[in-house]
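Asker: Sending over a structure as C-alpha cells; questions will come in a sec.
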Amino acid sequence: MASALDVAVVGGGIVGCAVLFELNRLGYNCALLEKNDNLISEASSGNSGMLHTGFDAPADSLELHCIKRCVDRVFGVFNKLGVPYSQNGSVMVAWSPEQVSKLEGIQSDALAKGVKDVFHLSLEDLYQKEPSLSRHAHGALWIPEESILEPCIYGLLLAHHAKNNGAKILTNCEVRGYENVSGGQLSTLDTTRGPIKARVVINCAGLHGDHVQELAGISSFRIQPRKGQYTVFGQGARNLITSSILPVPTEKTKGIIVFKTVHGNVIVGPTAEDVESRSSPPIDTATTRRLLEHGRTVVPELDSWTPVGHYTGVRPATQYKDYQIRAYLDRNWITVGGIRSTGVSGSLGIAEYVARLLCEDLKLEPTRGATSDLQPSDWSLETNGTLSVDGTVYGVSHPITLFGTQKGGGGGGTSRL
C-alpha cells in the first residue's frame, strides 16, 4: 500500500468491522486486514446472532458499558443499513425452586446496572407467551429488549459502508511482523500482501489477539479458547417459540439457550467447553445428544422434529472476566481483546470506546471530515453462499446464514433423530 494509513485494523470479525465502520465515519483513513478469505470468519462465524442488553454482564465492567452504548445506537444502524433483526425478547426460565430463588437477585442486579426492562412473569403469563414450553417451569423473568439479528449480514454491511466511504478491505492479509522505531509516528506491518504503514495499529484479531499483540512486544492476556456447539432445526419449527428461552446462568456460562434465528431456524446452544485448539472443532456426538435432550426437555414438541444440522464456534475467552481494551502510547497501538461471547452485543460500544482512545489517548486526529450519513445498501443472499451488496460479492461462512438460505429453510421432518 503506497500511502500511509491513519489506522490499520487487524482482524475482520464483527468487532473489527464495527471499529472500521466507526473510525471511517469519523474521518480516519483506514484499512481492514483479514487473514482469511472472508470477513466474519473464525469466532465471528460461530456465534448465536443474539443481541443482549447487558442485564447479566459483570457490574461496573467495560463489557457492560460497551453493551449499553451499543444498545443505545445499534437499532438506528440496523434500520439505516437494512440489517435483519427482531426485538423478540427473552424469557429466563427457572426449572427448580433453587433457580427461582436466584431470579430476584438477577432482576435487582440488572436494575442496579441500569437495565430496567427485566420483569417477573407469572407462570400463567409465561405459558401464554410460550405455549409450547415444558409445563415444569417454576418461575421466569421477561427481558423484552433482547433481540436476534443476522450477525453475518450485520458485520458485512458495516464493512461495506466503510468501503463505500473510502476504507480499504484486504482479505488473505495475515500480519506477520510489526516495526515501530523509537516511538516513531509510523508503524510498519509486515503482511502476506506486502508492507502496510499506519499511524496507529488496532488489534482486533479475536482468537489470535494475544499472538498479534506479541508482535508489538505486548503480553497483557492470553487466549483461552472456549468451544460452543449448537444444534439446528429447520424453519418448520419456527412457531414453537416466540422469544429466546434462557436458563438461569451459572458462574461460567449463560447456559444452553433455545432460540430462533431471523430466518426462522430454531437452534439449541451453545455449550461451553474449554479447549486447546483455536480452530473450529468437530461436532461431538455426545454433546449433540445433550443438546437434543435439553431442547426437547425445554420445548417437548421438538421431539417431533429432526435437526437439519449442527455447528461449533470458538470464543476468545481470556484469564479475565472483562474486555481487555487498552492503548499503548509508545507503540501507537490499541489492543481489543477478551471479547468472549458478546462481540455482537458490544460491537458499536467497543468501536466508540476505541475511537475515544484513538483521539484522547493517542491524540490522532482524522485526516478528513466526519460523515453522519448512512445510506441503505441493496443486498441479497445468493444460494451459492455469498452476499451481494451493491454489486460487490462477499463470501459467507456463518452457519446461521447458510442454514437460513437452504431451500426450504433447512426443511424439518417429523421423524426423530
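The values are calculated or read from the model by the stated rules, or taken from the named source; none is laboratory data. As the structure is a computational prediction, the values presented were derived from the model and not from experiment. So basically every Cβ, Gly included, is an ideal-geometry build from the backbone, and we count neighbours across all protein chains shown. Surface areas here come from the heavy atoms of the whole protein model, side chains and all, with no ligands, DNA or RNA. Shrake-Rupley method; radii C 1.70, N 1.55, O 1.52, S 1.80 Å.
Asker: Using the heavy atoms of the protein chains alone and a 1.4 angstrom probe, what is the accessible area of the chain per residue in square angstrom?
Answerer: 40 Å²
Asker: Please list 3J(HN,Hα) in residue order for the range 364-381, calculated via the Karplus relation 6.51 cos²θ - 1.76 cosθ + 1.60 where θ = phi - 60°; whole Hz, with x for glycine and proline.
Answerer: Using θ = phi - 60°, the values come out as 8, 8, x, 8, 9, x, 6, 10, 10, 6, 10, 9, x, 9, 8, 10, 8, 8 Hz.
Asker: Which of the chymotrypsin sites (Phe, Trp or Tyr not before Pro) found in the range 312-366 are loop residues per DSSP with 16 or fewer other Cβ atoms within 10 Å of their Cβ?
Answerer: 320
Asker: Show me, for the range 16-25, the HN-Hα J-couplings you get by feeding each phi into the Karplus relation (A = 6.51, B = -1.76, C = 1.60, θ = phi - 60°), rounded to Hz, glycine and proline as x.
Answerer: Here the 3J(HN,Hα) series is x, 5, 5, 5, 4, 4, 5, 5, 4, 5 Hz.
Asker: Would you compute, for the Cα atoms of the range 1-136, the largest minus smallest coordinate along each principal axis and list the three values in descending order, in whole Å?
Answerer: Sorted from largest, the Cα extents of the range 1-136 read 65, 32, 27 Å.
Asker: In terms of Cα to Cα distance under 16 Å, which lysines are near enough to residue 113, apart from those fewer than 8 places away along the same chain?
Answerer: In chain and number order, the partners are 68.
Asker: Separate question: Let me test this: with uniform point scatterers at the alpha carbons of the chain, what is the Debye-based log₁₀ I(q)/I(0) at q = 0.09, 0.10, 0.11 1/Å?
Answerer: Once normalised to I(0) and log-transformed, intensities are -0.54, -0.66, -0.80.
Asker: I'd like the orientation of helix 343-356 relative to the chain: the angle between its Cα long axis and the longest Cα principal axis, in ° from 0 to 90, rounded to 10.
Answerer: Long axis of 343-356 versus the principal axis of the chain: about 30 degrees.
Asker: Expected output is a single nm value to one decimal: the length gained when fully extending between residue 119 and residue 330, i.e. 0.36 nm times separation in residues minus the C-alpha distance. What is it?
Answerer: The residue 119-residue 330 span can extend by a further 71.2 nm.
Asker: Count neighbours as other Cβ atoms within 10 Å of each site's Cβ, and list the trypsin sites (Lys or Arg not before Pro) in the range 79-121 that are DSSP loop with at most 13 such neighbours.
Answerer: Counting only loop positions with at most 13 other Cβ atoms within 10 Å, the trypsin sites (Lys or Arg not before Pro) in the range 79-121 are 116.
Asker: Rounded to the nearest 0.05, what FRET efficiency do residue 303 and residue 96 give with R0 = 30 Å and r taken as the Cβ-Cβ distance? Could you check?
Answerer: Rounded to the nearest 0.05, the efficiency is 0.85.
Asker: Taking all protein chains together and a probe of 1.4 Å, list 321, 254, 168, 227 from the most accessible to the least accessible.
Answerer: In descending accessible area the options line up as 321, 168, 254, 227.
Asker: Just need log10 I(q)/I(0) for the range 100-160 at q = 0.12, 0.16, 0.20, 0.30 Å⁻¹, Debye formula, equal scatterers on the alpha-carbon atoms, no solvent, rounded to two decimals.
Answerer: For the requested q values the scattering log ratios are -0.46, -0.68, -0.83, -1.21.
Asker: Something else: For the chain, what % of the accessible area comes from carbon and sulfur atoms, probe 1.4 Å?
Answerer: That fraction is 48 percent.
Asker: Tell me, what are the semi-axes, in whole angstrom and largest first, of the equivalent ellipsoid of the range 280-346 as set by the roots of 5 times the Cα gyration tensor eigenvalues?
Answerer: Those come to 39, 13, 10 Å.
Asker: Across the range 171-321, how many lysine pairs, 8 or more apart or on two chains, come within less than 30 Å at their alpha-carbon atoms?
Answerer: Lysine pairs satisfying the spacing and distance rule in the range 171-321 number 8.
Asker: Within the chain, what percent of beta bridges assigned by DSSP are antiparallel, to the nearest 5?
Answerer: 75 percent
Asker: Considering the alpha-carbon set of the range 205-338 alone, what are its Rg and its Dmax in angstrom?
Answerer: 18.1, 60
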